[in-house]
Amino acid sequence: MLEQLLIFTRGGLILWTCKELGNALKGSPIDTLIRSCLLEERSGTASYNYDAPGASYTLKWTFHNDLGLVFVAVYQRILHLLYVDELLAMVKHEFSQIYDPKRVEYFDFDETFRQLRKEAEARAEELRKVMPVGKGVNDGRKLVMKKGSGFGGGNKKNKSEANEGGNGDDGKGRKLKKGHSNGNHNAVVVEGNRGMGLANGKENASSNNEAFDVTKLQKLKSKGGKKTSDTSVVSKGSNVDPKKKVTKKNRVWDDTPKDAKLDFTDHVEENGNENIEVVAADQGESMMDKEEIVSSDSEDEEDFEVSKDSKPDAKKKGWFSSMFQSIAGKANLEKADLEPALKALKDRLMTKNVAEEIAEKLCESVAASLEGKKLSSFTRISSTVQAAMEEALVRILTPRRSIDILRDVHAAKEQRKPYVVVFVGVNGVGKSTNLAKVAYWLLQHKVSAMMAACDTFRSGAVEQLRTHARRLQIPIFEKGYEKDPAVVAKEAIQEATRNGSDVVLVDTAGRMQDNEPLMRALSKLIYLNNPDLVLFVGEALVGNDAVDQLSKFNQKLADLSTSPNPRLIDGILLTKFDTIDDKVGAALSMVYISGSPVMFVGCGQSYTDLKKLNVKAIVKTLLK
């Protein structure tokens, strides 16, 4: 049964709800649909599933883009109502006839909806009466196929079913009555106490009862053995005694004097202390505090290169008709009109390193928001699509919540507890290096930080973090290797509380998203310490793998947590951003798949090379 149907504007004004249904929905499925699907440019999907305590709903919707209306139907997921799509289309058509932007109440639509609902239910009932007949026929066909196919029915090439023969002595075999055989394929089933084997052979029909010739198999083995022996002889003969090893000399290009050997290691004094340069105040202001200026050179570049993809359409329509359409305006945009521009846009996004799945969903969402909308005069479809995509990208990349870490740090300081940040991610993305950059940025703002070396898995991880701590002159909490990272992090937070440190930066071991033991350890660390911020450190170089990494990290953290409300990834730190030129699509893929904002961007090898994500610059680069 239909639980609820409502009509509201894109601004959020509810125009009409079905009073007859009047069922109190458990949870807030409509609000969740708006936040998680409509505002996140996922409206191209067919439906949305919402789980609430004691109920599971399916939501379907449709748009009237010209009027700016949204029609949403809610029903129990277990029912699988067949008439919902047809009912939404009928309600959309009828309501658009009486819609007036000045009206806010539509009580007269109740009777119209009652009739539309009866018609949709009657058609669904007729369809339901027809379906069991078709089901019976299909089930019968499946039964015949199962009986006739024996154990080899999964082979598409061998469509003929073979007869089952006995095994000679036991007589356990039985003949399939409904199978078919063309006489060229043999299927022999040997039944043991626990297993069943199937042997397929190609022999003539006259040799069905003959035994397998073992001599042929022996001949084949002997031939193979000869070949392998020959090759072994050749390989032995080809081995030449190695000559005396000659060391390779460096090539000299000119007569310039030899350069001194570059040595950047930290030398140790006689007393055993390392000479580590203090750089806390030497490298200047962090790029986080500098405003990035976006040039507007290419704002007028509206050419979408659709002309290459839409040459056949141009020949059909002609120059005059397309020019007349751009001047007079098109009545309503259809999906066929948007396809050339959307295809070019999808290709462009993919060349910018956006994951193919994300680019496809974005184009579907833009098509859903433009379909049925009236095109104004002197406006091209390509520019309309580009403007809609630009608006969608800005909406996705703009954080939905505050990402002011300094404000949160001061709020935690007033409560006399440290602000805990956990850095997680796959191997080799630069977690320790960018943790040091964040520590340097905090020092610039007079915030005391402490590092926690919780990477007890990788060799050299503690020494690497110790080097950063000495260079930045900040304390570090370490317990060595082969310790429980969750316990080390907990003791580090307790130490920071005693020493009065404002922030604890927790370094964790790199792990692949499919490594369940390490993911379980990470989930335990997050559950036991309840950090204020969980940062996923990812490379800007990844393309389609960004979707797999983030989605599986979130999934594993949710599945392996013992808490009823597990903590997921709160933000993203994007590294190696200076190596990708205009391939900035990883930022979009990560934000789209996780819903978490990009809080930091690593763009170099020094402590100051950390900046904020410029949304306008990213969108401009993606659409350039």
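The values are calculated or read from the model by the stated rules, or taken from the named source; none is laboratory data. What you see is a predicted model, and the numbers here were worked out from it, not measured in a lab. In this analysis, Cβ positions are derived from the backbone assuming ideal geometry, glycine residues included, and neighbour counts consider all displayed protein chains. Note: accessible area is taken over every heavy atom of the protein model, side chains too, but ligands, DNA and RNA are not part of it. Shrake-Rupley method; radii C 1.70, N 1.55, O 1.52, S 1.80 Å.
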Which FRET efficiency value, to the nearest 0.05, do you get for Val487 and Arg466 by plugging their Cβ-Cβ distance into 1/(1 + (r/R0)^6) with R0 = 25 Å? 0.80
Given segment 415-508, what whole percent of its Cα pairs are spread farther than 21 Å? 23 percent
Report, please, the projected area of segment 46-117 averaged over directions, based on the convex hull of its C-alpha atoms, in nm². 5.8 nm²
Linear extension gain, Asp514 paired with Lys612, 0.36 nm per residue minus alpha-carbon span: 32.3 nm
What FRET efficiency do you get for Ala558 and Lys249 if R0 is 51 Å and r is their Cβ-Cβ distance, rounded to the nearest 0.05? 0.30
Normalise the Cα radius of gyration of segment 494-583 by 2.2 N^0.38 Å (N = residues in it) and let me know the number. 1.23
Nearest-0.05 FRET efficiency for Ala55 and Thr351 at R0 = 35 Å, using Cβ-Cβ distance, is 0.20
With the dipole of segment 1-113 defined by +1 on each Lys or Arg Cβ and -1 on each Asp or Glu Cβ, the option from Met1, Tyr48, Gly68 whose Cα lies farthest towards the positive pole is Tyr48
At q = 0.10, 0.13, 0.17, 0.25 Å⁻¹, the log10 of I(q)/I(0) for segment 1-99 from a Debye sum over equal Cα scatterers comes to -0.24, -0.42, -0.74, -1.67
Place a point 7 Å from the Cα of Thr497 in the direction of its beta carbon; the residues of segment 412-451 whose amide N falls under 11 Å from it are 416-418
Just the accessible area per residue of segment 522-624, please: how many Å² with a 1.4 Å probe? 36 Å²
